[in-house]
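Student: Take a look at this one; I'll ask things after.
The values are calculated or read from the model by the stated rules, or taken from the named source; none is laboratory data. These figures come from a predicted structure and were not determined experimentally. Cβ coordinates were reconstructed from backbone atoms using ideal geometry, including for glycine residues, and neighbour counts include every protein chain displayed. Just so you know, the surface numbers come from the protein's heavy atoms only, side chains and all, with ligands and any DNA or RNA stripped out. Shrake-Rupley method; radii C 1.70, N 1.55, O 1.52, S 1.80 Å.
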Amino acid sequence: MSVQGNLAKIRKKLIRRASQNLARGSDVRENFEKELERFCDLLDHAVTTGDPAWLDPVLYDWANSGTQTDVQEGQKNATNLLNIMFSLTLETARDTLNKGEALDLVAAILPIFTYALDRTARMEMETRVTFFANEIANVQAQLERLDRSKSNFISVAAHELKTPLTLIEGYTSMISDVTKPDDSNNGLSPLLQGVRTGIQRLRQIVDDMIDVSLIDNNMLSLNSQPIWVSHILDLLRKNLNEFIEERHLNFEVRRFTGGQEWLYADPERLYQAFQNILTNAIKYTPDGGTVIVDGRTLPGFIEVTVADTGIGIAADDQAMIFEKFGKLGRAELHSTGKIKFKGGGPGLGLPISKGIIEAHGGTIWVESEGHDEKSCPGSTFHVLLPIRTEAKDARLNKLFGDLSRPTEETNVQEETSTDSPAA
Ligand code: ADP
């Protein structure tokens, strides 16, 4: 008898056995038997044509019939079902057919079942991968929503704080105006000074919050003009001198190639970015330590490095510190002073520096062997800035000419550079 004939001979028994083995309850059994009939029909076609792909529709349905939990737990229901179907087919063939017929049948269906198992395993794996890809996309969407609400909160809070702060500033300055200088006798002047310092700190925090929300919303606009990076660093060194001396630090801004090369950048914003990095270097280096600002030219870029002999940053934290509120959890450090050793802030400084540098087309990262307040392994911040010799605004190009040409124009600009807004 032909293989198809033998298959037809065992079909009824096979379906009964499979249904008794695998389906519980009469409803389930009825539906399951229909599926088995379909499987046997397609198996018959596959044997007749020699093309196992006939089984694809039923394999596809079985592979995709798992519940969410099955998929999540990686249960291979369809693959298991096929394995059981194969064993039952062998068993039924052995019981029903003679040895030769059974062997012929097994030889014919073995490659078809091998194909079916391979295909089903792959489809189940793909279903699983799709499931987890969706899960990851959901988590990502949730995180993005969370980050957006954090950013919205910062923006709303900053703008809400700005109005009363301006009022307080105004009234304090009016009180100062009506307070006679010799009022120090009745103790008013130092009190007013205290209020003014508090207002300044609050203004700084509100401004930082506004900058962070501008950066988050890609709204930071740059006011580019020709600058020397060295000018900004020298100016910062000068302005931070009081703190450097207070903390007895050896603070060196070295000359480096590229530092005195003209490039288009926003001097005020770059000043702000480097100020945060240098202030941190002061804050996180113990008294008597060293901070060295150096740099070099790389193809198309200027690299500035700020190396300190401070407490260092653990590897796990090195990416996190550039996220807003990167250190918010350490409440014990907050508001302990602007440049006091380990005096923490709201954790907005580095995210702002990163936002400003990235808005210039640059990048920032940190290297440190780890965090240790005893051995002080130090940290080195790297800032890469593109050497932009052409301004986006054509009017600026016309005004300043081509910055890459070292002509007598350079001398003119050299003289005017001290008038840049950062200076
Ligand atoms: P903060 O207001 O806390 O100083 P920043 O964004 O400027 O916020 O810095 C984030 C965190 O990065 C700091 O709280 C500190 O833990 C760490 N950090 C920044 N610069 C240094 C440094 N030079 N050495 C050691 N730790 C640093």
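Student: What is the distance in Å between the Cα centres of segment 1-40 and segment 358-399?
Tutor: Spelled out, the Cα-based centre of one part sits 71 Å from the other.
Student: Here is a further query. Taking 0.36 nm per intervening residue step and subtracting the Cα-Cα distance, what contour gain separates Glu252 from Asn98 on full extension? Write out the running numbers ahead of the final one.
Tutor: Working: separation 154, 0.36 × 154 = 55.44 nm, distance 9.54 nm.
In short, 45.9 nm is gained.
Student: Any lysines with Cα under 26 Å of the Lys374 Cα? List them, leaving off those in the same chain fewer than 8 positions away.
Tutor: Candidates past the 8-residue exclusion: Lys283, Lys327, Lys338, Lys340, Lys342.
Student: Could you tell me the center-to-center distance, by alpha carbons, between segment 51-102 and segment 261-318 in angstrom?
Tutor: 65 Å
Student: Could you please state how large a percent of the accessible area of the chain is carbon and sulfur, counting protein chains only and using a 1.4 Å probe?
Tutor: Summing carbon and sulfur atoms, their accessible area is 54 percent of the total for the chain.
Student: Applying 1/(1 + (r/R0)^6) with R0 = 25 Å to the Cβ-Cβ distance of Thr179 and Ile199, what FRET efficiency is obtained, to the nearest 0.05?
Tutor: Values: r = 16 Å, r/R0 = 0.63.
Efficiency, rounded to the nearest 0.05: 0.95.
Student: Sticking with this one: First measure r as the distance between the Cβ atoms of His45 and Thr67, then evaluate 1/(1 + (r/R0)^6) with R0 = 30 Å and state the FRET efficiency to the nearest 0.05. Let's see the in-between values first.
Tutor: Working: r = 30 Å, r/R0 = 0.99.
Computed FRET efficiency for His45 and Thr67 comes out at 0.50.
Student: Could you give the accessible area per residue of the chain, probe 1.4 Å, as a whole number in Å²?
Tutor: Numbers: 23510 Å² over 423 residues.
That works out to 56 Å² for each residue.
Student: How high is the FRET efficiency between Ser2 and Val28 when r is their beta carbon distance and R₀ equals 35 Å, given to the nearest 0.05? Numbers along the way, then the final one.
Tutor: Working: r = 34 Å, r/R0 = 0.96.
After rounding, the FRET efficiency stands at 0.55.
Student: Another question, if that's okay. What are the residues whose amide H is under 5 Å from the amide H of Val253, where those residues sit 5 or more places off or on another chain and H is modelled from the backbone?
Tutor: Val293
Student: Hey, which aspartates and glutamates would be in cross-link range of Lys76, C-alpha to C-alpha under 14 Å, not counting anything within fewer than 8 residues on its own chain?
Tutor: Straight-line reach from Lys76, under 14 Å: Asp61, Asp118, Glu124, Glu126.
Student: Next question. Please work out the Cα center distance from segment 103-136 to segment 210-240, rounded to the nearest Å.
Tutor: 59 Å
Student: Here's something else I'd like to know. With a cut-off of 18 Å, note down the residues of segment 88-107 whose backbone N falls inside the zone around a label point 7 Å from the Cα of Arg16 toward its beta carbon.
Tutor: 88-98
Student: Once you treat every alpha carbon in the chain as an equal point and sum by Debye, what is log10 I(q)/I(0) at q = 0.08, 0.14 Å⁻¹?
Tutor: Normalising to I(0) and taking log10 leaves -0.66, -1.26.
Student: Shifting gears a bit: Over all distinct Cα pairs, what is the inverse of the mean 1/r for segment 127-280, reported as the Kirkwood hydrodynamic radius in Å? Write down the numbers at each step before the final one.
Tutor: On the way: mean 1/r = 0.0498 Å⁻¹.
Hydrodynamic radius (Kirkwood, Cα pairs) of segment 127-280 is 20.1 Å.
Student: Quick check on segment 225-416: what does the Kirkwood estimate of hydrodynamic radius come out to from the alpha carbon pairs, in Å? Don't jump to the answer; show the numbers that get you there.
Tutor: Working: mean 1/r = 0.0575 Å⁻¹.
Averaging 1/r across every pair of different Cα atoms and inverting gives 17.4 Å.
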